[in-house]
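Visitor: The structure follows.
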Amino acid sequence: MTEESVLRHHDREVLVHAVAARLVARLVDLQRHGTVPSLALTGGSVATEVYAAVADSEAASAVDWGRVELWWGDERFVPAGDGDRNDGQARKALLDRVPLDPRRVHPMPAADGPTTDLDAAAESYARELREGGRDRFDLVLLGVGPDGHVASLFPGFPQLDVEHTIAVAVRDSPKPPPERISLTFPALERSDEVWFVAAGDEKADAVGRALDPATDPHEVPAARPRGARRTFWLLDEAAASRI
Ligand code: 6PG
């Protein structure tokens with residue numbers, strides 16, 4: 001049973017810097033115990049601001065970045081250089097500013113990559129994750145959409161019922177661009193910790209419903225993923241206003 005905590009922050013700015021500090025501390029703690037932390041990053045504006053705040057922080061150099069394994073929880077299936085790519089936004093904000101080992105950075109396939117078929121691309125990522133030898137994450141970061149989506153798992157979509165594989169193709173995403181790859185619920189739940197990060201009034205309803213045990217994850221996908229050990233809801237006051 002996960003230990004679930006809600007942490008409220010005065011505003012988006014405080015939230016972003018507090019999550020950045022928490023992330024650095026978590027990575028240092030994991031490495032202190034000899035772990036090569038395995039993280040699944042999310043896209044979205046709040047997460048990208050967190051990544052930039054990590055890169056800007058003096059404490060970032062306390063992390064042995066060469067021993068951090070990075071995956072993605074979802075990605076937009078567009079060409080590698082497209083500004084919409086989650087990995088591109090993360091690289092600009094953080095990954096290109098710290099000394100990562102490129103062999104430990106696992107972006108999801110791009111539409112102009114070796115696999116141009118969306119389903120095959122999703123399957124290739126699932127294979128890479130399985131063969132990565134780490135069939136679980138230490139930490140999954142998730143933004144929350146106004147409709148309660150997490151990663152690219154959207155309310156009422158068929159991917160919410162996929163239990164047999166860890167990465168799936170998503171078409172007709174209500175959040176552009178339309179084609180995406182997403183980890184599935186089983187993959188997101190194979191993590192010691194899940195951190196939801198959300199800011200703004202427009203997220204309050206989804207967050208409030210996601211924290212209600214009676215909520216159906218088919219209606220609010222954020223209601224389902226929980227860390228095996230710990231789940232954090234890292235929110236500004238606006239996003240927490242309906243709890
Ligand atoms: C994506 C993200 C998505 C995002 C949420 C929240 O590819 O769009 O992975 O799940 O995290 O939509 O985004 P904001 O933080 O920008 O509201």
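The values are calculated or read from the model by the stated rules, or taken from the named source; none is laboratory data. Given the structure is predicted, the values throughout are model-derived calculations rather than measurements. All Cβ positions, even for glycine, are placed from backbone atoms using ideal geometry, and neighbour counts span all protein chains on display. All accessible areas refer to the heavy atoms of the entire protein, side chains included, with ligands and DNA or RNA removed. Shrake-Rupley method; radii C 1.70, N 1.55, O 1.52, S 1.80 Å.
Visitor: Rounded to whole Å and sorted largest first, what semi-axes of the equivalent ellipsoid does the C-alpha gyration tensor of segment 3-236 yield via the square root of 5 times each eigenvalue?
Guide: Taking √(5λ) for each Cα gyration eigenvalue gives 23, 22, 17 Å.
Visitor: Of D135, D74, which has the most accessible area with a 1.4 Å probe, and how do the rest follow in descending order?
Guide: Descending order: D135, D74.
Visitor: Also, I was wondering about something else. By per-residue mean of other Cβ atoms within 10 Å, what is the highest-first order of 200-211, 139-150?
Guide: 139-150, 200-211
Visitor: Then there is this: Using a 1.4 Å probe, how large is the accessible area of T116, given in Å² and rounded to the nearest 10?
Guide: 100 Å²
Visitor: Sticking with this structure for a sec: So what is the 222 nm mean residue ellipticity for the chain from helices alone, if each DSSP H run of at least 4 adds -39500 (n - 2.57) and you divide by all residues, rounding to the nearest 500 deg cm²/dmol?
Guide: -8500 deg cm²/dmol
Visitor: May I ask you to give the solvent-accessible area per residue for segment 3-236, in square angstrom, as obtained with a 1.4 angstrom probe?
Guide: That works out to 41 Å² for each residue.
Visitor: Taking a virtual spin label 7 Å from the Cα of S241 along the C-beta vector, which residues in segment 7-50 bring their backbone nitrogen under 16 Å of it?
Guide: Output list for this probe position: 8-13.
Visitor: Counting only other residues whose beta carbon sits under 13 Å from that of G81, what net charge do I get with K and R as +1, D and E as -1?
Guide: 0
Visitor: So which GluC sites (Glu not before Pro) in segment 94-164 pass both tests, a DSSP loop state and at most 13 other Cβ atoms within 10 Å of the Cβ?
Guide: Answer by residue number: E163.
Visitor: I need the peptides 172-180, 43-51, 1-9 ranked by packing, meaning the mean over residues of other C-beta atoms within 10 angstrom, with the highest value on top.
Guide: Packing proxy ranking, top to bottom: 43-51, 172-180, 1-9.
Visitor: Let me ask something additional. Just to be sure I understand the model, the point goes 7 Å from the Cα along the line to the Cβ. What's the resulting T115 to R103 distance in nm?
Guide: 2.2 nm
Visitor: Moving on. Which FRET efficiency value, to the nearest 0.05, do you get for D29 and R127 by plugging their Cβ-Cβ distance into 1/(1 + (r/R0)^6) with R0 = 22 Å?
Guide: The value I calculate is 0.10.
Visitor: So if each residue of separation counts as 0.36 nm, and I subtract the Cα-Cα distance between E163 and D96, what length gain in nm does that give?
Guide: Contour length minus Cα-Cα distance gives 20.7 nm.
Visitor: Separate question: What is segment 40-189's relative contact order, in percent, from Cα pairs under 8 angstrom and six or more apart in sequence?
Guide: 27 percent
Visitor: I've got another one for you. For the chain, which whole percent of the accessible surface, found with a 1.4 angstrom probe, sits on carbon and sulfur atoms?
Guide: 51 percent
Visitor: For segment 209-243 and segment 55-76, compute the distance between their C-alpha centroids and round to whole Å.
Guide: What the calculation gives is 25 Å, centre to centre.
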